[in-house]
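One structure is given below, encoded as structure tokens.
What follows is calculated from the coordinates using simple rules that are stated; it is not laboratory data. From a predicted model like this one, the values you see are computed outputs, not experimental measurements. Every residue, glycine as well, gets a Cβ built from its backbone with ideal geometry; the counts of neighbours run over all protein chains shown.
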Amino acid sequence: MSSTDISSTDVSSADLPSAAAPGALTSTMREAGVLVSGAVTNVSVISDRSMLVSRIIRLGLTYGGAAPDAPKTLILKLPLPAFAKTMWHDGRHEVTFYRELARMMPTRLVPGCYGGAFDEDETTWHLLLEDLTDTHQTATQWPLPPSVPHAEAIVRALARLHAAWWDDPRLGVTIGSLATPEDTTKHSGLFAGHYQRFADLLGDRLSAERRAVYDRFIAASPRLLQRYHARRNLSIAHGDAHVWNFLVPLAAGDNDVRAFDFDRWRINVPAHDLAYMIALHQYPERRAVIERPLLDCYHRTLVAHGVAGYDRAALDADYRFAVLWHITKPVWQWTVNIPPVIWWNHLERIFLAVDDLGCRELLD
């Protein structure tokens, strides 16, 4: 969601927050263990891009004294002012991910993090991340789908991320939280209210047939949630795992794919990330080409990275349930003022996937 580039402008370093001042960056680099005796003497803005809900600034750093291990460039991530109030707790979520979870994961799954903070009083946050501009890129320009080799590389990276946390005993104990049945009942009720307003807004643009699917889905939610509440074969889900939230290497043959934008991470059924990536974002012709091969690729990678007791049929079952669950996504996106150009196309694509995969049967 937040990776879509909507504008690009250059700004002066005078516009930077205090976290990007030379003194603050010196302290940050020392705390990160990459700056022993030198100091940051100058900070310049190389580029400044406004994404959908965040601002990405590429910084150039100049050091005084020896700084052989310190980065010469950084990525500073900030919230956009328009979303600072409505989505600022997602910033807390992402700061937590990079400062706590990322350091416990295998290397080269996500960009490195040098520092970050969430300011309760100012209702703002920032992250200082590894700059991969010279070695990586997004696989394709939004909204174009990636090539099959790039899609497979991204799915392998997603599988490695999931495998790293698969049924980890710390999940819901010291890492993240697991929703109780009472929590999910409350959440389902909240969704039902949002959906009614969403349907009222759309009027005859939301067909009676699709309204019936939503009504049946809301009624069936307690049963559909039994898979989650079984507390088996869960992991850390990215939560916003579209292909434009992954960086692929520029060098041919390099498998160093990195995931970023973790403001929606949570403990969940991992197939939700796959359904989000494939069914929510791909139209039927392209999906027909890539869907089965990507699911096969994902499962092979899980097994290769130590996931046992989760067979291919279980993945298929989870994927179909996850596709059905994603009919909720356009509604939630609408509630936080995501533009219709995004949620309307998601609405169309996800219902096409629901029909192709026979997901309505799961409501019976």
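Within 10 Å of each residue's Cβ, count the other Cβ atoms and sort ASP273, ASP263 from fewest upward.
Values: ASP273 28, ASP263 24.
Ranking ASP273, ASP263 by Cβ neighbours within 10 Å, fewest first, gives ASP263, ASP273.
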Built amide H within the under 5 Å cut-off of SER54, gap 5+:
LEU80
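What is the fewest-to-most order of LYS329, LYS72 by other Cβ atoms lying within 10 Å of their Cβ? Don't jump to the answer; show the numbers that get you there.
On the way: LYS329 20, LYS72 11.
The order, fewest Cβ neighbours first, is LYS72, LYS329.
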Cα centroid of region 146-183 to Cα centroid of region 189-250, whole Å
18
In whole Hz, the Karplus estimates of ³J(HN,Hα) for region 112-117 (6.51, -1.76, 1.60; θ = phi - 60°; x where Gly or Pro) are x, 10, 9, x, x, 7
Treat every Asp and Glu Cβ in the chain as -1 and every Lys and Arg Cβ as +1, leave all other atoms uncharged, and give the resulting dipole magnitude about the Cα centre to the nearest 20 debye.
500
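Compute the length gained on full extension between ASP256 and MET105: take 0.36 nm times their separation in residues and subtract their Cα-Cα distance, giving the result in nm to one decimal.
On the way: separation 151, 0.36 × 151 = 54.36 nm, distance 1.47 nm.
That works out to 52.9 nm of additional length.
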Dividing the mean separation of Cα pairs under 8 Å (6+ apart) by the residue count of the chain yields a relative contact order in percent of 15
Choice from PRO149, PRO284, PRO111 showing the highest fluctuation, given a GNM over the chain with Cα pairs closer than 10 Å:
PRO149
Sparse-neighbourhood loop sites, trypsin sites (Lys or Arg not before Pro) in region 188-291 - DSSP loop, at most 13 other Cβ within 10 angstrom
ARG231, ARG232
Provide the gained length on full extension for the span LYS72 to ASP204, in nm with one decimal, where the gain is 0.36 nm per separating residue minus the Cα-Cα distance.
42.0 nm
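Rounded, prolate or oblate: which fits region 5-130 when a ≥ b ≥ c are the square roots of the eigenvalues of the alpha-carbon gyration tensor, with rounded for a/c under 1.5 and prolate only if a/b beats b/c?
Values: a/c = 1.74, a/b = 1.26, b/c = 1.39.
It is oblate, given that a/c is not under 1.5 and a/b is not larger than b/c.
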Ordered by number, the trypsin sites (Lys or Arg not before Pro) in region 302-364 that occupy a DSSP loop and have at most 14 other Cβ atoms within 10 Å are none
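What number of lysine-lysine pairs in the chain show an alpha-carbon separation below 27 angstrom, given a sequence spacing of 8 or more or placement on distinct chains? All intermediate terms of the calculation are to be shown ahead of the outcome.
Values: LYS77/LYS85; LYS77/LYS329; LYS85/LYS186; LYS85/LYS329; LYS186/LYS329.
Qualifying lysine pairs in the chain: 5.
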For volume of the Cα convex hull per residue in Å³, with candidates (1) 146; (2) 163; (3) 131, the value calculated from the shown model is option (1)
Any chance you could run the full-extension gain for GLU361 through ASP296? It's 0.36 nm times the residue separation minus the Cα-Cα distance, nm to one decimal.
21.1 nm
Report the residues of region 273-315 in range of a label on LEU352: point 7 Å along Cα→C-beta, backbone N strictly under 17 Å from it.
275-292
Gap in Å between the Cα centre of region 300-364 and the Cα centre of region 88-135?
27
Using a 10 Å cut-off around each Cβ, can you sort ASP48, ASP183, ASP356 from fewest to most neighbouring Cβ atoms?
ASP183, ASP356, ASP48
Please determine, in degrees from 0 to 90 and to the nearest 10, the orientation of helix 148-165 with respect to the longest principal axis defined by the Cα atoms of the chain, where the helix direction is its Cα long axis.
90
